[in-house]
Amino acid sequence: MTEQPSTLYAKLLGETASIDWKELQPYFAKGALLWVDPGLDLVAVAESFALDQKAQIKAWLEAGKVEKVSDSRALELHEGTPDLWAVVVSPWILIQNRAG
């Protein structure tokens, strides 16, 4: 049986967009950027944040699958040409490198 995406998932998917690192730098400076491991579904992670699913979020944080963007990662993003995707779940902006 195939599970249909939730309305919230569909809404977040529609709000997910490609973005340039330069546009994200002010949010990095504010500490509002979260890095999502490329192995995770960015929209599913955003949905968990929107639904305040604390146990799942804690598990990702403890596993290092979701984390605040570090200074070293920010430097890598600044110096490279990453294919970044982002979605906003206030107060956070969740980002992920979608390059295969």
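Read the figures in this text as sums done on the coordinates, not as results from a lab. Note that this is a predicted model, so its numbers are computed, not measured. Note that each Cβ is placed from the backbone with ideal geometry, even for glycine, and that neighbours are counted across all protein chains shown.
The alpha carbon centroids of region 40-56 and region 69-89 are separated by 20 Å. Using Cα pairs closer than 8 Å and at least 6 residues apart in sequence, work out the relative contact order for region 7-97, in percent. Normalised by residue count, the contact order of region 7-97 is 45 percent. Only one residue of SER90, THR16, LEU33 has its Cα farthest out toward the positive end of the dipole of the chain, where Lys and Arg carry +1 and Asp and Glu -1 on Cβ, and that residue is SER90.
Using a simple spin-label model with pseudo-atoms 7 Å out from Cα toward Cβ, ILE19 and ALA44 lie 2.2 nm apart. In this structure the amide hydrogen of VAL89, modeled in the peptide plane, comes within under 5 Å of the amide hydrogens of LEU94, none closer than 5 places in sequence on its chain. Taking N as the residue count of the chain, its C-alpha radius of gyration divided by 2.2 N^0.38 Å amounts to 1.06.
Where does the chain land at 222 nm, in deg cm²/dmol rounded to the nearest 500, when only DSSP H runs of n ≥ 4 count, each adding -39500 (n - 2.57), divided by all residues? Counting only the DSSP helices, I get -13000 deg cm²/dmol.
In the chain, the DSSP beta bridges split such that about 80 percent are antiparallel, to the nearest 5.
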